[in-house]
Amino acid sequence: MLLTIRNLSVFYNTVVGKFKVIEDMNLDLEEGDIISLVGESASGKSTLGQVLTRMLPGTGSAEGEVIFDGKDVLKISENRMTEIRGTSIFMIFQNPLNSLNPVKTVGFQLIEAARIRRERDHLSTDEAEMRKEAEESLISLRLPDADSIMRRYPHELSGGQVQRVVICMALLLKPKILIADEPTTALDVTIQAQVINLLRTLNKEMKMTIIFITHDIGLAYVLSNNLVVLYSGRIMESGNTESIIKKPLHPYTSGLIGSIPNSSKTSGKLFSIKGSPPSYLSLPDGCKFSNRCQFVFERCMQEEPKLLDVQDRKVKCWLYE
Amino acid sequence: MSEIYRFEDVRKYYLSQKRGLLEIAMRTKPIYVKALDNVSFTLTSNQVLAVVGESGSGKTTMGKIMVTLEKPTSGKVFFRGEEVNKKNTADIRENIDMVFQNPSTSLNPRMKIKHIISESLKNFDEEKVQDIMQQVGLPYNELKDKQPRELSGGQVQRVAISKAIIKKPELIVLDEPTSALDESIQAQILNLLVDLQKQFKLTYVFITHNIYVAKYIADFIVVLYAGKIIEYGKNEEVLEKPLHPYTQLLITSIPTTNSKELKPPVGDVPSLINRPEGCSFHPRCPFAMERCKTQEPPLRNHGNYLVACWLYE
Ligand SMILES: Nc1ncnc2c1ncn2[C@@H]1O[C@H](COP(=O)(O)OP(=O)(O)OP(=O)(O)O)[C@@H](O)[C@H]1O
Ligand SMILES: Nc1ncnc2c1ncn2[C@@H]1O[C@H](COP(=O)(O)OP(=O)(O)OP(=O)(O)O)[C@@H](O)[C@H]1O
Ligand code: SF4
Ligand SMILES: [Mg+2]
Ligand SMILES: [Mg+2]
């Protein structure tokens, strides 16, 4: 097992009090897995990524275990963690500008990434070679004028270009685990297709493990072999991507899949799951989805369901007891 | 329905690199990124125009020009028939708002959420803020006193939308406003935007790369490629029967849950510094003819459409 998450809970301290955004999570990742993390806005997807790279803000705290390479990421020293972040677990942040230094040129930062990997792999760190590698990598991401882009600062690029520069960094670093938080939201579908194919290649050739955070079920379907559906910081359903999407079991997963807009549904209002996600300040008792679920019954409102083994997957819903 | 905004031959060239004294003294030629080139169009009030197109094709630049955050390098822009200049920018900013593509970097990081949203109102109006947050699915009590960095990506995006719609300006430029939202919340937001638009007769310029979103919300669609308009027409027509090969490609590359195959188009993306000769799309176009390599197709009427492609002469 490459990464094991056990009984993970995550908290944030805020002006309105301390609240728990991830509750008792367990998850296993094998080398070479591609797993998609989907779920509504604010369900805790980015928070989970930040815990795995230990990049939570000062107001955040985590309990439980995150075992990588036999060691607990939550407990090792900061120095060791810095090393891991550069070469073993790299995260592409949801806001790509957060992954870049605003006062350094794009080229400088990409060459730095190439250097880190080359040092790790004991390869030559010849400046010209690294520059060439960075440039080629930008071109593989369909960026025109790579040379000009390397000389610019992050704010002199378009939204989708910044996003690709950060993806480029990941391609140059080739980490063991890549956590990509909504990495293609600013890209149009043609370039998105290119990026997805590049990630697949890295996964095949380098056995790179990918945690792909997305709200796009279509994309999760295309890329990943495993799927984890989060709701209010809990895993509601997890298992093989194909089988979940073709036949979702949890009412929340069905709702999520039912709201994918497609070409046949253009007239009238778009479908959305009724109600809003609950506030972390006042989560419903019992099942956290119970106030929006169309199958809700007595027990759902009293007791929170366990993550049950159902057919080929895990589901947190009393309908399957 | 009347004209609310017009672009006439607008160009926006960015310097590809800041020029130091030395470069200027040595008279090296500046290198330009041609973000928008000869763009002309008219926007009618009370309608929704979707702007789609490849990353880097000039969509955000177009929006920034509309809200007067960028000045065209050449060409003219008109708001309600009046040429935009220094004197009327204050008035324009009063009536046009923009929801930025990267909201977490455009919101004031030190302000509380409730104050960010009500900033454009004269006074803080708790009831209004509470109401709008509820409509975009944000829990008021949990978030009101937080700062932007304490919110998730999709929450920040909805704060930015709330901030713009609370005032109901005549024209709103929405730059990828739902890109961080899952389908269910996106649907809720789109429904809300459509309701507001109808009820208050607002005009939207809706920048998106999500064709389904464009299809749902827009009356008209404009497709940009490498800084130029290559297709324009009614929503139903353009999306049902796109004329330009790039628009066609855009529609066939959408990932669906029906197939795992993704076929990105081959060929080079165009440089904006040294634009390819002829049609900018010819290196990637499956129908490219000899002529496409040397002569640039003008934007011309074809039925109800405007299209820039030699296939439609
Ligand atoms: N300050 C700047 N200096 C130099 N070039 C710039 C600057 N701002 C934008 N550009 C370039 O202008 C072109 C158009 O950028 P724009 O942000 O309008 O694209 P966009 O269509 O919004 O793309 P995206 O979908 O990726 O957001 C891009 O190639 C970009 O690199
Ligand atoms: N620094 C922080 N301080 C306090 N609360 C936070 C902080 N960061 C996130 N939160 C809260 O934690 C919850 C989960 O946030 P997270 O960013 O993990 O969601 P997400 O699933 O990534 O959502 P999105 O799809 O909108 O990006 C949200 O309710 C958010 O408001
Ligand atoms: S446990 Fe009950 S409320 Fe929760 S999803 Fe299942 S049926 Fe719905
Ligand atoms: Mg997030
Ligand atoms: Mg943009």
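For the protein assembly as shown, which whole percent of the accessible surface, found with a 1.4 angstrom probe, sits on carbon and sulfur atoms? Ligands and nucleic acids excluded, carbon and sulfur give 50 percent. Where the only charges are on Cβ atoms (+1 Lys, Arg; -1 Asp, Glu), what is the dipole of chain B about its Cα centre, to the nearest 20 debye? In total the dipole reaches around 940 debye. Counting every pair of alpha carbons in the stretch A:35-142, the share spaced more than 19 Å apart comes to 57 percent. If the cut-off is 21 Å between C-alpha atoms, which lysines fall inside it for A:Lys204, apart from same-chain ones fewer than 8 positions away? List returned: A:Lys174, A:Lys176, B:Lys260, B:Lys263. Spin-label model, B:Asn123/B:Ser74: points 7 Å from Cα along the beta carbon direction are separated by 5.2 nm. Heavy-atom accessible area for B:Leu224, with the other protein chains in place and a 1.4 Å probe, reaches approximately 0 Å².
In plain terms, the chain from A:Lys247 to A:His122 could stretch by 40.3 nm, reckoned as 0.36 nm per residue minus the Cα-Cα distance.
For each pair in A:Lys18/A:Lys288; A:Lys18/B:Lys163; B:Lys112/B:Lys167; B:Lys168/B:Lys201; A:Lys104/A:Lys132, compute the distance between the two Cα atoms and list the pairs where it is over 20 Å. Walk me through the intermediate numbers first.
On the way: A:Lys18/A:Lys288 18 Å; A:Lys18/B:Lys163 27 Å; B:Lys112/B:Lys167 18 Å; B:Lys168/B:Lys201 10 Å; A:Lys104/A:Lys132 18 Å.
Flagged as over cut-off: A:Lys18/B:Lys163.
The distance from the alpha carbon centre of the stretch B:143-195 to that of the stretch B:1-72 is 25 Å, rounded to a whole number. With all protein chains kept in place, the per residue accessible area of the protein assembly as shown amounts to 42 square angstrom at a probe of 1.4 angstrom.
Once the Cα atoms are used to define both axes, helix B:153-165 deviates from the longest principal axis of chain B by about 80 degrees. Relative to the Cα centre, the charge distribution of the protein assembly as shown, modelled as +1 at Lys and Arg Cβ and -1 at Asp and Glu Cβ, gives a dipole magnitude of about 1040 debye.
Dividing the Cα radius of gyration by the Kirkwood radius, what Rg/Rh value follows for chain A?
0.98
Size descriptors for chain B (Cα atoms only): Rg and Dmax, in that order, 20.7, 64 Å.
Here's the list of aspartates and glutamates a cross-link from B:Lys234 could span, going by alpha-carbon distance under 16 Å and ignoring same-chain residues fewer than 8 apart: B:Asp219.
Normalising the Debye intensity of the protein assembly as shown to I(0), with uniform scatterers on Cα atoms only, and taking log10 at q = 0.10 Å⁻¹ returns -0.94.
Summed over both chains, the contact between B and A buries some 5300 Å² of accessible surface at a probe radius of 1.4 Å. Only Lys, Arg, Asp and Glu carry charge here, each on its Cβ (+1 for the first two, -1 for the last two); on that basis chain A has a dipole of about 480 debye about its Cα centre.
In whole angstrom, the stretch A:81-153 maps to an equivalent ellipsoid with semi-axes of 20, 17, 11, each derived as √(5λ) from the alpha carbon gyration tensor and ordered largest first.
Measuring r between the beta carbons of A:Phe295 and A:Leu56 and using R0 = 41 Å, the FRET efficiency lands at 0.70. The residue list A:Thr105, A:Met236, A:Ile273 was ranked by how far each Cα lies along the charge dipole of the protein assembly as shown toward its positive end, using unit charges on Cβ atoms, and A:Thr105 comes out on top.
The longest part of chain B holding none of the exposed loop trypsin sites (Lys or Arg not before Pro), meaning those outside H, G, I, E and B in DSSP with at most 11 other Cβ atoms within 10 Å, is B:123-313. Using Cα centres only, tell me the gap between the stretch A:193-214 and the stretch A:1-32 in whole Å. Comparing the Cα centres of the stretch A:193-214 and the stretch A:1-32, I get a distance of 24 Å. Within straight-line reach of B:Lys12, meaning a Cα separation under 20 Å, sit the following lysines at least 8 residues removed in sequence or on another chain: B:Lys29, B:Lys34, B:Lys59, B:Lys64, B:Lys71, B:Lys76, B:Lys86, B:Lys228. In the protein assembly as shown, the DSSP-assigned H stretches of four residues or longer account for a calculated mean residue ellipticity at 222 nm of -9500 deg cm²/dmol, using -39500 (n - 2.57) per stretch and the full residue count as denominator.
Within the shell of other residues whose beta carbon sits under 9 angstrom from the beta carbon of B:Met98, the net charge comes to -1, with Lys and Arg scored +1 and Asp and Glu -1.
The values are calculated or read from the model by the stated rules, or taken from the named source; none is laboratory data. If you're wondering where the values come from, they're calculated on a predicted model, not measured in any experiment. Every residue, glycine as well, gets a Cβ built from its backbone with ideal geometry; the counts of neighbours run over all protein chains shown. Areas reflect the complete protein model, heavy atoms only, side chains present, ligands, DNA and RNA absent. Shrake-Rupley method; radii C 1.70, N 1.55, O 1.52, S 1.80 Å.
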